[in-house]
Structures are given as structure tokens and as C-alpha cells.
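Derivation of every value follows stated rules applied to the coordinates shown; laboratory data play no part. Since this is a predicted model, take the numbers as computed values, not measurements. All Cβ positions, even for glycine, are placed from backbone atoms using ideal geometry, and neighbour counts span all protein chains on display.
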Amino acid sequence: MKFFVDTAEISEIRELYEAGLLDGVTTNPSLVAKSGRDFKEVVKEICGVVPGPVSAEVAATDYEGMLAEGRVLAALASNVVVKVPLTFAGLKACKTFREEGIKVNVTLCFSPNQALLAAKVGATYISPFIGRLDDINTEGMELIEQIRTIYDNYNFETEILAASIRSPNHVTQAALAGADVATIPAAVIKKLASHPLTDIGLENFVNDWKKTGQSIV
Ligand code: E4P
């Protein structure tokens, strides 16, 4: 499973990329607003750090507006993936972008039928939002399983990008369900490395090593 980080913070992106843990980046208007920075500048800077796919979302909600904005975003760097909402206009824009050779991430997916439509218009990625489904007392991960089955039934090439990931358990469950990618907040990626038994075991090894009085270098 590929790891994307879900952030517009350059320092988080750089740290994870240099650690070899990052295959790509997703941003959204809320994350850009939180960063307080110029959107296009941020996208260009992220694309300079990470060679993998970087999703940049359109702000328009109408077809023509999405086309105009998406073309500007796609011209910022060769690894930009234009993100469009899963609406009828967004699906139409996705089809046009794909005909123009622009990669598309169709976002805000909450049902298997929406994912089916995104695959039919050639989306590069479909982003089902796991955490937001959990928030309304439904089982978000079931959506990943359903989309996996549908895409495999018909050999769709659209990649399943598990989004709205909130915890290490979400990451495990997305991997078990066969998501192609998970986009994860930086803090959650870091938590994946932690285990209390690792900490205890390491402390014991360090203490025992001191007793040997030796040094390796
Ligand atoms: C995905 O591309 C979205 O940016 C993100 O995963 C949404 O997560 P949230 O529901 O935690 O805001």
C-alpha cells in the first residue's frame, strides 16, 4: 500500500519524504486554509520536494470553473493530480481532464455507486472518506471493501485512495481491505512506528549493553 501524507505543511512533508515513508501528498482547501499560505506557491513547493503524485483540489463547483482551475493547477508541475469533488459536474470534469492527459483524484466519495461512476470516467484515484463515515456511526471501512470488490470484478484501473484516515487502526484495516493508497495525517504516520513493547525491549537492551562495558565504534 502506498502512503500519501494528508497535509499542506512543507516541514511535515519533507521530514516524511526524507525518511523514505512517502509516495505522494494530498491537500484540500481546508488544509490550505490552515497553512495560511498561497495555494499555488504551496503546491509548487510540495511538488519540488516529493516526486510522486500531489493532489491539488479545485475550488469551483461548476464544470467550466473546474476545468479552468484544474488546467492551471496541472500546469504548476508534472506530478500534480487535479482533485475534483464527486458530483455530476466533477465527473464530467474528470472525463475531460483524462482526455487531456491530466491525472484526477475524485474526492468526497461516500458510496460504492459514486466510486463506480468515478471509475467509469477514468479517475486515476477515488478517495473514499473513512473517518467521516465513522463519524456518522457507520462502518467506513466497509466502503473500501465494497469498492475493492467492484473494481476487481470489472478490472477498473482506478486506484482506491483511502482518505479521512484518523488512526493507526484505520491504516491496518485499509491495508487488509486492499486499498491501493492511504492518505494519512503526518501524526498518524509517526504513530505507526510506536509499540510499547518496542520501547520496553529497547530500554532493556540499552541497560544490558551498558553492563558489557563495550563500545562498537
Ligand atoms: C483526503 O484527500 C482529504 O484531504 C482528507 O483525508 C480528509 O480527512 P478528514 O475527514 O480528517 O478531514
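For the stretch 18-164, relative contact order (Cα pairs under 8 Å, six or more residues apart, normalised by length) works out to 16 percent.
Give the value in nm², to one decimal: projected area of the alpha carbon convex hull of the stretch 2-212, averaged over all directions. Spell out each step's value before the answer.
Details: hull surface 54.4 nm².
Directional mean of the projected Cα hull area for the stretch 2-212 stands at 13.6 nm².
Backbone geometry of the stretch 34-42 corresponds, through the Karplus equation with coefficients 6.51, -1.76 and 1.60 at θ = phi - 60°, to 3J(HN,Hα) couplings of 5, 6, x, 10, 5, 4, 5, 5, 4 Hz, x marking Gly and Pro.
In order along the stretch 85-101, the Karplus-derived 3J(HN,Hα) couplings, from 6.51 cos²θ - 1.76 cosθ + 1.60 at θ = phi - 60°, round to x, 7, 10, 4, 5, x, 5, 4, 5, 4, 4, 5, 4, 5, 5, 8, x Hz, and Gly and Pro are given as x. Using only side-chain charges placed at the Cβ, +1 for Lys and Arg and -1 for Asp and Glu, the dipole size of the chain relative to its Cα centre rounds to 180 debye. Near the amide H of ASP180, within less than 5 Å, lie the amide hydrogens of ILE160, ALA162, all on another chain or at least 5 residues away, with H placed in the peptide plane.
With a cut-off of at most 12 other beta carbons within 10 Å, and DSSP calling the residue loop, which chymotrypsin sites (Phe, Trp or Tyr not before Pro) in the stretch 104-206 qualify? Please list them. All intermediate terms of the calculation are to be shown ahead of the outcome.
On the way: sites: PHE110, TYR125, PHE129, TYR151, TYR154, PHE156, PHE205; in loops: PHE110, TYR154, PHE156.
Loop-located and lightly packed - TYR154.
Scoring 2-9, 166-173 by mean Cβ neighbours within 10 Å over their residues and listing the highest first yields 2-9, 166-173.
Which of the GluC sites (Glu not before Pro) across the stretch 125-217 are loop residues per DSSP, with 13 or fewer other Cβ within 10 Å? Intermediate values should be presented prior to the final figure.
Working: sites: GLU139, GLU142, GLU145, GLU157, GLU159, GLU203; in loops: GLU139, GLU157.
Sparse-neighbourhood loop GluC sites (Glu not before Pro): GLU139, GLU157.
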